Amino acid sequence: MVAFPTDTFYGLGVDPFNAAAVDLLFAAKGRPANSPVPLLIAVPEDLLLVAASVPDGAAALAGAFWPGALTLVLDAVDRIPDVVSAGAGTVGVRVPDHLTPRDIARAVGGPITGTSANRSGERPLKTAGEVKAAFCDALGFIVDGVCGAHEAASTVVDFTVDPPLVRRHGAISLGALQCVYPDVASGAGG
């Protein structure tokens, strides 16, 4: 498991197709099994490595906001393990606006997990020192770097429902999303 800076907060990365690595991630975070794990990809063209299809609206938002703090929830390809999707058959994915996680994903030739580097229920962390203190020996490596200026997590838009819903309001406003794809609706507190 590696910790790395992103455009929002520090993230924790493992190979999402390695069950033992994903189990380590869940144990380290104290993450509930019913909580899906978001994935990070190097470039938008890698989306079909994890998503069964990309609706036009999702493609439009990705074109406007990637790389950036936008997570799209899409139907997952069959090879995404149930532990990653919490059994839902969906996947949350984004291309972060930070070179470090994109370079890691590029180096491994596919997606990496991108859950925030914090214990479940605690605040996300912004520095390598905070991550080291929180996870001690659970990490194989920490990339020391600077996170982006966003003070909010990525905005999550679910395209597995119609109309697409904002599941988490974050760094990208509903208004900005609707300027690109007017059908996006507010589905979570805000």
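Side notes on the structure shown:
- Largest first, the extents of the alpha carbon coordinates of the range 2-186 on the three principal axes equal 46, 34, 30 Å.
- Charges were assigned to the Cβ only: +1 to each Lys and Arg, -1 to each Asp and Glu. The resulting dipole of the range 2-186 about its Cα centre is roughly 420 debye.
- Cα-based helix-to-principal-axis angle, 19-29 vs the chain, degrees rounded to 10: 80
- Helix 99-108 vs. the chain, principal-axis angle (Cα, 0 to 90°, nearest 10): 80
- Table column - 3J(HN,Hα) (Hz), the range 115-129, Karplus curve with 6.51, -1.76, 1.60, x for Gly and Pro: 5, 5, 7, 7, 6, 3, x, 9, 5, x, 9, 10, 10, 4, x
- Derived scalar couplings between HN and Hα for the range 39-46 equal 10, 10, 10, 6, 9, x, 5, 7 Hz in order, rounded to whole Hz, by the Karplus curve 6.51 cos²θ - 1.76 cosθ + 1.60 (θ = phi - 60°), x for Gly and Pro.
- Spread over its residues, the convex hull of the C-alpha atoms of the range 1-87 is 97 Å³ per residue.
Values in this text are rule-based calculations from the coordinates and carry no lab data. Note that this is a predicted model, so its numbers are computed, not measured. Because the Cβ atoms are built from the backbone with ideal geometry, glycine has one as well, and the counts that use them run over all protein chains shown.
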